[in-house]
Each structure stands twice: as structure tokens, then as C-alpha cells.
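The values are calculated or read from the model by the stated rules, or taken from the named source; none is laboratory data. On a predicted model such as this, the values are computed, not experimentally measured, just so you know. Here the Cβ is made from the backbone with ideal geometry for all residues, glycine too, and neighbour counts use every protein chain on show. Accessible surface is based on the protein model in full, side chains and every heavy atom, while ligands, DNA and RNA are left aside. Shrake-Rupley method; radii C 1.70, N 1.55, O 1.52, S 1.80 Å.
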Amino acid sequence: MTESGAGTANPVVRDGDVTIISGPCSVESREQMMQVAEACASLGIRVLRGGAYKPRTSPYSFQGMEEEGLRLLRDAADAYGLLCITEVVDSEDIPVVDAYADILQIGTRNMANFALLKKIGAATAESHKPVLFKRGMAATIEEWLAASEYNTMQGNPNVVLCERGIRTFETATRFTLDITAVPVVKKLSRLPIVIDASHPTGQADLVPSVCRAAVAVGADGIMVESHPDPRAALCDGPQSLDLEGLRNLMVELQPVAEAVGRRLA
């Protein structure tokens, strides 16, 4: 399908490694971010996530701390030598998010926001800053790959695809994870692909199983939401691992990675 990214080294995803991305759904406080960053660093996790601008279905839900959230995310990442990733929701926010984040995320609701995709592609054309591009919750793989070209055609080959579950008739989980998207994407594209294990499950106790499957099927990375106290989280607490759960997950994933000749990073 697409050959974008061919021959270009991506600073986030490394050959043979499974990159772990973890952190809270939303940045809530300095203490929260420092606790999560410390835990990630101690486990060898290189990428810290945290939402500063939160597109929510309900206008009454927590919408994020905006630039102050970006500042807290950046401070926590710098304190522990981590890269950081956060979502760009609006084209007006691209300059400020780009100033703070090492990786820009495009969420599921914006997969088909082609004007935003082109602007992010243009903004990162010179820097080649990685862009993590989530699949739309109702998009086919073909549509997702085609939409990724709105970024790469601007001159930035460092797009990382992210499968985060699609909407089906099933209600046992929040979304239905299309685990087959990993081998299909690897057949059709040279772009790396990571699995978001938290959003499709919607339940923290299901996350480890999905992560094991992601490693075994060949995903280049895994995104997992974590929080010091998920019960008090302002966003997506039920699907977030606590920090002990994050530690246990890394232990569980190690033998799976070794069995398929890979390393966690």
C-alpha cells in the first residue's frame, strides 16, 4: 500500500525492540507526573505520555490543563531523561505542542481531519519529529494508511501507526482490538505500528493479556495508560494500570519478548 518511511530511521521505534509508551490519560499535577516518570525510568521505559488537550465526548468532562499540562509533562520527562508524547487536537495548538513534546500524537477522532494532518506534516517536515497516528475508531486499514500520507507527503517520514481498537457490535470491551492490523500493516506498509492496549479493553485487568498478544504478534511498541491512583484519575481511570501494575506488566512481558527474539525498550 504505502512505502513511506522506507529507509528512514525512526528515533522512537528501533529495530528488534518493543517500545513501551506509558503515562496517564491526562496530566493532572506535577506530583502525579513526577511519580509516573520516575516509575517509567526505573523500568527502562523511554517514552512518557500525558494528555494536555483532551477531546472528550461530553463537554462537561475534564478537558485538560493545556499549556500548563504541557509544561508539567516536559518537566517530568526532562527530570528522568525520557521522551514525551502528547496529542494535538487543534491546528492552532501545533506550535505550542511542538515546542514541548518530542512526539506529536494524532488521536482517533482526528484521523480524517485532513487539514490538521497536512498542517502537522508541514510543521514537522524539517525536524522529522515523530508523529504517532491513531486509527480512526470506524476506519478501515486502507483508509488509515491512505490518511497517513497526509503527514508523510509533506516531507516527514517518521510516522508511527497506532492501532487502538475499532467500534463493533461487541460490548464486553470498550472497543474491539484488531490485533490482525499488525501483520496486515507490516504486509502493506513500512511504517512501524504500535498497539494501544488501554483504549480497546477499557479495563485495567485486561491490559496485560493484550500487551502479551501485541508483543507476540510483532507490534513495534505498546502504549499503556498508567496512573499513581487510577481510582482518583480525572480521565480513563478504569483502564489505567497503577504503578505496581505497570511494574508487574514489564515482568510479564519480558519472557514473551525473549521468546520471539525481541527486547523491551
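Tabulated results
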quantity: Pairs with Cβ under 6 Å, 6+ apart, first in region 137-163 and assigned to a helix (DSSP H, G or I), second open to solvent by 50 Å² or more (accessible area, probe 1.4 Å); calculated: Ile141/Val184; Leu145/Met1; Tyr150/Phe114; Tyr150/Lys118
quantity: When residues of region 228-242 are limited to those that are at negative phi and under 18 Å from the mean Cα position of the chain (by Cα), the one surrounded by the fewest Cβ atoms within 10 Å (Cβ to Cβ); calculated: Pro238
quantity: Region 221-240 - residue that is aliphatic (A, V, I, L, M) and in contact (Cβ under 8 Å) with a residue 60 or more places away in the chain and, of those, nearest to Val182 (Cα to Cα); calculated: Ile222
quantity: Hits in region 243-257 - residues which are open to solvent by 40 Å² or more (accessible area, probe 1.4 Å) and free of Cβ contacts under 8 Å to residues at least 60 places away in the same chain; calculated: Glu244, Asn248, Val251, Glu252, Gln254, Pro255
quantity: Count - residues of region 115-129 that are farther than 12 Å from Met153 by Cβ and open to solvent by 10 Å² or more (accessible area, probe 1.4 Å); calculated: 7
quantity: Extreme residue, surrounded by the fewest Cβ atoms within 10 Å (Cβ to Cβ), among residues of region 148-176 that are more than 24 Å from Val47 (Cβ to Cβ) and polar (S, T, N, Q); calculated: Thr171
quantity: Ala41 vs. criteria open to solvent by 10 Å² or more (accessible area, probe 1.4 Å), modelled with pLDDT under 95 and of a type outside the set (Ser, Thr, Tyr); calculated: no
quantity: Flag for Leu206 being within 21 Å of Thr173 (Cα to Cα), open to solvent by 10 Å² or more (accessible area, probe 1.4 Å), not acidic (Asp, Glu) and not in a helix (DSSP H, G or I); calculated: no
quantity: Candidate set from region 44-97 (those that are open to solvent by less than 70 Å² (accessible area, probe 1.4 Å) and aromatic (Phe, Trp, Tyr)); member that is nearest to Lys118 (Cα to Cα); calculated: Tyr53
quantity: Subset of region 21-38 that is of a type outside the set (Lys, Arg) and surrounded by fewer than 24 Cβ atoms within 10 Å (Cβ to Cβ) - its residue that is farthest from the chain's Cα centre (by Cα); calculated: Glu31
quantity: Residue match in region 211-222 (condition: part of a strand (DSSP E or B), out of contact with any helix residue (DSSP H, G or I) (no Cβ under 8 Å at 6 or more places or on another chain), buried (at least 17 other Cβ atoms within 10 Å of the Cβ) and small (Gly, Ala, Ser)); calculated: yes
quantity: Residue satisfying all of: in region 98-114; in contact with a helix residue (DSSP H, G or I) (Cβ under 9 Å, 6 or more places away or on another chain) and open to solvent by 60 Å² or more (accessible area, probe 1.4 Å); farthest from Val160 (Cα to Cα) among these; calculated: Ala99
quantity: Flag if Arg190 is basic (Lys, Arg), open to solvent by 70 Å² or more (accessible area, probe 1.4 Å) and modelled with pLDDT under 95; calculated: yes
quantity: Pairs, first at positive phi in region 201-220, second surrounded by fewer than 24 Cβ atoms within 10 Å (Cβ to Cβ) and of a type in the set (Val, Ile, Thr), C-beta under 6 Å, six or more apart; calculated: Gly202/Thr173; Gly218/Val182
quantity: All positions within region 223-264 that are assigned to a loop (DSSP other than H, G, I, E, B) and among the basic types (Lys, Arg); calculated: Arg262
